[in-house]
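The next block holds one structure in the form of structure tokens; read it before the comments.
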Amino acid sequence: MKWAPMKPHSQTPQDPSEMEQRRELTRVMLRLVRGMRAIFNTQAQEMGLTYARAHMILAVSRAEGLSQTCLAEVLDIETPSLNRTLDGLEKLGFLERRPDPNDKRVRQVFLTDHARENADQIESFTNDLRARVYHGIDAQALDAALNVLHAMDKNLDEMRHPCPK
């Protein structure tokens, strides 16, 4: 990805305290993501799964019947990575791919009964992790954080996809 110069209205702040605040926010966000992923990964390993496989089972359980293309988009991963994970889960009997009844070229992804039990367990530890991470944070603070994160996500999306839609 070629780095595009910043627009004039979005210059880096000159105030050192604001610059430090932005650095700290970025550091904390990255630390949170790494920490949550590490805990999720540990729980997945206790079930005999990798992070990628547990995450895939959870995603499929939330939207069974998605095409492989849509699933890759939902998970924000490349098709080869998706296919490797799907192949592994299929061999283990966790999911199956079926032709779409409306388009035989498209394959939809479904969990097996065996995987549904695992999906419930993954969903449970994910909900517990989330509850513990958000403990003591009220709805107003969550709304403010969400507004900031959505704005940052929009800015990042504009950098990744600079062409108008």
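Read-outs throughout are calculated quantities, based only on the coordinates presented, and are distinct from any laboratory measurement. Only a predicted model underlies this, so the values are computations on that prediction, with no experimental measurement involved. Cβ coordinates were reconstructed from backbone atoms using ideal geometry, including for glycine residues, and neighbour counts include every protein chain displayed.
Quick one: angle between helix 51-62 and the longest Cα principal axis of the chain, in degrees between 0 and 90, rounded to 10, please.
It is inclined by approximately 80 degrees.
Comparing R105, R31, R130, which has the greatest mean-square fluctuation in the GNM of the chain with Cα pairs linked when under 10 Å apart?
Per the Cα network of the chain with a 10 Å cutoff, R105 tops the list.
Once a ≥ b ≥ c are taken as the square roots of the eigenvalues of the Cα gyration tensor of the range 112-165, is the result rounded (a/c under 1.5), prolate (a/b larger than b/c) or oblate (a/b not larger than b/c)?
Details: a/c = 4.66, a/b = 1.42, b/c = 3.28.
The shape class here is oblate.
With everything on Cα atoms, drop me the angle between helix 79-91 and the longest principal axis of the chain, reported from 0 to 90° to the nearest 10.
Tilt of helix 79-91: around 40 degrees.
If you take Cα extents along the principal axes in Å from the coordinates, which of (1) 48, 36, 26; (2) 56, 41, 25; (3) 49, 31, 26 do you get?
Checked against the structure: label (2).
Taking the Cβ of each residue in H55, H135 as the centre, tally the other Cβ atoms inside 10 Å and list the residues starting with the fewest. Provide the component values of the computation, followed by the final result.
Values: H55 20, H135 7.
The order, fewest Cβ neighbours first, is H135, H55.
222 nm [θ] for the chain, helices only, -39500 (n - 2.57) per DSSP H run of 4+, per residue, to 500? If you can, show how the numbers build up before the last one.
Numbers: 6 runs with 107 residues, N = 165.
My calculation for the chain gives -22000 deg cm²/dmol from helical runs alone.
Relative to the longest principal axis of the chain, what angle (0 to 90°, nearest 10) does the C-alpha long axis of helix 16-46 take?
Between the helix axis and the principal axis of the chain, the angle is about 20 degrees.
For the range 43-135, just run the numbers: alpha carbon Rg, then divide by 2.2 N^0.38 Å, N being how many residues it has. Walk me through the numbers on the way to the answer.
Details: Rg = 13.5 Å, N = 93, 2.2 N^0.38 = 12.3 Å.
Working it through for the range 43-135, the quotient is 1.10.
Expressed as a rounded percentage, what relative contact order does the chain have, with Cα pairs under 8 Å and six or more residues apart? Walk me through the numbers on the way to the answer.
Values: 105 pairs, mean separation 33.4, N = 165.
Reported as a whole number, the value is 20 percent.
Give the distance, in whole Å, between the Cα centre of the range 106-165 and the Cα centre of the range 44-78.
13 Å
Just need the relative contact order of the range 43-135 here, percent rounded to a whole number, with Cα pairs under 8 Å and 6+ apart. Each step should come with its number before you reach the end.
Working: 92 pairs, mean separation 28.5, N = 93.
It comes to 31 percent, rounded to a whole number.
Exposure proxy check: Y51, Y134 ranked by fewest other beta carbons within 10 Å? Before the final figure, lay out each step's value.
Working: Y51 15, Y134 12.
Result, fewest neighbours first: Y134, Y51.
Going by how many other beta carbons lie within 10 Å of each one, how would you line up L156, L129, L111, fewest first? Before the final figure, lay out each step's value.
Numbers: L156 10, L129 15, L111 19.
With the fewest neighbours first, L156, L129, L111 line up as L156, L129, L111.
What FRET efficiency comes out for R97 versus R62 if R0 is 22 angstrom and r is the Cβ-Cβ distance? Round to the nearest 0.05. Before the final figure, lay out each step's value.
Details: r = 17 Å, r/R0 = 0.78.
It comes to 0.80.
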